[in-house]
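S.K.: Right, I'll just put the structure down here and ask away after.
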Amino acid sequence: MKVLKFGGTSVGTAQRIKNVAELVASRGKNLIVLSAMSGTTNTLVEISDYLYKKNLAGASETINALEAKYMRVIDELYSTEEAREDARRAIKERINFIRSFNKDIFTLFEEKEILAQGELMSTVLMYNYLKERGINVVLLPAVDFMRTNKNAEPDTEYIKEKLWALLNAHPDAELYLTQGYICRNAYGEMDNLQRGGSDYTASLIGAAIHADEIEIWTDIDGMHNNDPRYVEGTRPVSRLHFEEAAELAYFGAKILHPTCVLPAKLNNIPVRLLNTMQPEAEGTLICNTTPTHTIKAVAAKDNIIAIKIKSGRMLLAYGFLRKVFEIFETHRTPIDMIATSEVGVSVTIDNERNVNAIVDDLKKFGTVTVDRDMVIICVVGDLEWQNRGFEAEVVNALKDIPVRMISYGGSNYNISLLVRKEDKIRALKMLSQHLFN
């Protein structure tokens, strides 16, 4: 059995829901994971924002617009009035649930309940459409098996036990359907796996049922070797190592959520990235064995802040780096890149929120300078240090661009370079020309 996850754009219109239904119906007995229809989660966030601000009129208008959108989809999606009426009734129930949050008290708990409705509505539409087509599909509510523990991490044993019980209760089903993103926490409350969580859901399910493969279907034909928004002539990478995919996902390749990789990697389950608009395209296969001695792809991460701490006290002083890193830990701010010398250390972060407080604390240990509007360029491939010349290829490609920092050796799959925002597109183009053409 395979796990097939479809993103919001893949089910974003009535026609696309029909296309996905046709695709999954022809693929055999698999488990399907759906995201919310594109735009729905953003609308639910907007509704929640109105409710936080106690603007009930604004919330009501937005809810009405959301309901009208779904009613139009229902009219177009189904061919019988009976199926339309069943879908209207189910969607109305979800919409009225959202409308019920009109009291004075609105907290994060209520917001999570509202955000869950997107996936619940998309699976209702797909479930009813597949039933109308005569397919024996079983809807497995994600909240019946997907749970996080007290540390907000997936409770993998619980997920495995509950999911297998549900599957075994319906052995004759032709297809299984469930929601991505949503779950319950250790206290039974509605929760979620954060943005991009549908990828995570698919990976956790794949690990729980020992799937043959996890397919992530989006509107892009795989993970490209550079950013097609800025560089012409990019092409999908046919095969990536899990570590390479994780680096690319973290540093800007938005087709795959970074958290998706780990459960699949640990359980040695291949992940294939495919395009619902071009289902015949090969896509990208991610697994634990890939071609070696090659540079695979380039990605970029924007809105980076570089912080440099220069101190004569660092010379031969043990404990200096620990004190520096403890400041970032105190302010719950992760570090992307690190470069050190005898008298200083430079780090990068991607979160503006606590910069001023961090800089104030760092000034206890030395002179602090901050560079904003920076970009991390990530070059991914087989970059074992024994492979002579690869790092030189990357650096030579950017010989005409000022580079603020370089990180090499922390991973066998990544070289990261920090450049100015205004040099980003030129850097991406030069790397493509030098490394791939």
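The values are calculated or read from the model by the stated rules, or taken from the named source; none is laboratory data. Predicted model, so just to flag it, every value in this text is computed and none were measured. Positions of Cβ are backbone-derived with ideal geometry, glycine not excepted, and every protein chain shown enters the neighbour counts. Remember, those area values only see protein heavy atoms, side chains included, never the ligands or the DNA or RNA. Shrake-Rupley method; radii C 1.70, N 1.55, O 1.52, S 1.80 Å.
S.K.: Does Lys363 qualify as being without any contact (Cβ under 8 Å) to a residue 24 or more places away in the chain, more than 27 Å from the chain's Cα centre (by Cα) and open to solvent by 40 Å² or more (accessible area, probe 1.4 Å)? Even if it seems obvious, please write down each step before you answer.
M.R.: Values: without any contact (Cβ under 8 Å) to a residue 24 or more places away in the chain: yes; more than 27 Å from the chain's Cα centre (by Cα): yes; open to solvent by 40 Å² or more (accessible area, probe 1.4 Å): yes.
Yes: the conditions hold for Lys363.
S.K.: Among the residues of region 195-214, which ones are surrounded by fewer than 24 Cβ atoms within 10 Å (Cβ to Cβ) and either assigned to a helix (DSSP H, G or I) or in contact with a Phe, Trp or Tyr (Cβ under 8 Å, 6 or more places away or on another chain) (or both)?
M.R.: Initially, region 195-214 is screened for residues surrounded by fewer than 24 Cβ atoms within 10 Å (Cβ to Cβ), giving 195-197, 207, 209-213.
If the condition is that a residue be surrounded by fewer than 24 Cβ atoms within 10 Å (Cβ to Cβ) and either assigned to a helix (DSSP H, G or I) or in contact with a Phe, Trp or Tyr (Cβ under 8 Å, 6 or more places away or on another chain) (or both), then Gly197, Ala207, Ile209 are the ones that fit.
S.K.: From the list Tyr187, Tyr230, exactly one residue is farther than 25 Å from Thr40 by Cβ, in contact (Cβ under 8 Å) with a residue 60 or more places away in the chain and among the aromatic types (Phe, Trp, Tyr). Which is it?
M.R.: Numbers: Tyr187 fails: in contact (Cβ under 8 Å) with a residue 60 or more places away in the chain.
Step by step, each of Tyr187, Tyr230 is checked, and only Tyr230 is farther than 25 Å from Thr40 by Cβ, in contact (Cβ under 8 Å) with a residue 60 or more places away in the chain and among the aromatic types (Phe, Trp, Tyr).
S.K.: Where residues in region 367-395 are of a type in the set (Gly, Ala, Ser) and open to solvent by 20 Å² or more (accessible area, probe 1.4 Å), which of them is farthest from Ser311 (Cα to Cα)?
M.R.: Across region 367-395, the extreme among qualifying residues is Gly389.
S.K.: Under 6 Å by Cβ, and 6 or more places apart or on different chains, what pairs join a residue from region 13-39 that is touching a residue at least 60 places away in the same chain (Cβ under 8 Å) with one that is open to solvent by less than 40 Å² (accessible area, probe 1.4 Å) and among the acidic types (Asp, Glu)?
M.R.: Close Cβ pairs (under 6 Å, with a partner that is open to solvent by less than 40 Å² (accessible area, probe 1.4 Å) and among the acidic types (Asp, Glu)) amount to Ala36/Glu119.
S.K.: Here's a follow-up. Tally up the residues in region 166-180 that are in contact with a Ser or Thr (Cβ under 8 Å, 6 or more places away or on another chain) and over 12 Å from Asp144 (Cα atoms), please.
M.R.: Qualifying residue count, region 166-180: 2.
S.K.: Does Arg353 count as open to solvent by 40 Å² or more (accessible area, probe 1.4 Å), free of Cβ contacts under 8 Å to residues at least 40 places away in the same chain and either farther than 27 Å from Glu422 by Cα or not acidic (Asp, Glu) (or both)?
M.R.: Against the criterion (open to solvent by 40 Å² or more (accessible area, probe 1.4 Å), free of Cβ contacts under 8 Å to residues at least 40 places away in the same chain and either farther than 27 Å from Glu422 by Cα or not acidic (Asp, Glu) (or both)), Arg353 qualifies.
S.K.: Looking at Ile74, Ile17, which one is more than 28 Å from the chain's Cα centre (by Cα) and either open to solvent by less than 50 Å² (accessible area, probe 1.4 Å) or basic (Lys, Arg) (or both)? Step through it out loud before you land on a result.
M.R.: Numbers: Ile17 fails: more than 28 Å from the chain's Cα centre (by Cα).
Residue meeting the stated conditions: Ile74.
S.K.: Next question. Being open to solvent by 10 Å² or more (accessible area, probe 1.4 Å) and closer than 30 Å to Lys429 by Cβ is the filter here; which residues of region 300-345 pass it?
M.R.: Of everything in region 300-345, those that are open to solvent by 10 Å² or more (accessible area, probe 1.4 Å) and closer than 30 Å to Lys429 by Cβ turn out to be Ala300, Lys301, Asp302, Asn303, Lys308, Pro334, Ile335, Asp336, Ile338, Ala339.
S.K.: Sticking with this structure for a sec: Consider only pairs whose beta carbons are under 8 Å apart and that are at least six residues apart or on different chains; among these, list those whose first residue lies in region 65-82 and is under 14 Å from Met37 (Cα atoms) and whose second residue is among the hydroxyl-bearing types (Ser, Thr, Tyr).
M.R.: Once the first residue is under 14 Å from Met37 (Cα atoms) and sits in region 65-82, its partners that are among the hydroxyl-bearing types (Ser, Thr, Tyr) give Leu66/Thr40; Leu66/Thr43; Val73/Thr13; Leu77/Tyr129.
S.K.: Can you name the number of the only condition in (1) open to solvent by 30 Å² or more (accessible area, probe 1.4 Å); (2) of a type in the set (S, T, N, Q); (3) under 16 Å from the mean Cα position of the chain (by Cα) that Gln278 fails?
M.R.: The failed condition is (3).
S.K.: Which one of the conditions (1) under 22 Å from Glu243 (Cα atoms); (2) assigned to a loop (DSSP other than H, G, I, E, B); (3) out of contact with any helix residue (DSSP H, G or I) (no Cβ under 6 Å at 6 or more places or on another chain) does Glu352 fail to meet, given that it meets all the rest?
M.R.: Just one mismatch for Glu352, condition (1).
S.K.: Moving on. Is it the case that some residue within region 115-122 is surrounded by fewer than 18 Cβ atoms within 10 Å (Cβ to Cβ) and within 22 Å of Thr9 (Cα to Cα)? Don't jump to the end; show me each part of the working.
M.R.: In the first step, residues of region 115-122 are kept if they are surrounded by fewer than 18 Cβ atoms within 10 Å (Cβ to Cβ); the result is none.
No, the conditions are met nowhere in region 115-122.
S.K.: Suppose we keep only residues that are hydrophobic (A, V, I, L, M, F, W, C) and under 17 Å from Thr340 (Cα atoms) within region 396-423. Which one would you say is most open to solvent (accessible area, probe 1.4 Å)?
M.R.: Per the criteria, the residue is Ile406.
S.K.: Could you count how many residues in region 375-431 are part of a loop (DSSP other than H, G, I, E, B) and of a type outside the set (S, T, N, Q)? Give the steps one after another, and end with the answer.
M.R.: Initial filter on region 375-431 (part of a loop (DSSP other than H, G, I, E, B)): 382-389, 398-404, 409-413.
When the remaining residues are screened for being of a type outside the set (S, T, N, Q), the result is 382-385, 388-389, 398-404, 409-410, 413.
Final tally of qualifying residues: 16.
S.K.: Something else: Give me a count of the residues in region 40-62 that are closer than 19 Å to Glu119 by Cα, open to solvent by 10 Å² or more (accessible area, probe 1.4 Å) and touching a residue at least 12 places away in the same chain (Cβ under 8 Å).
M.R.: Matching residues across region 40-62 total 5.
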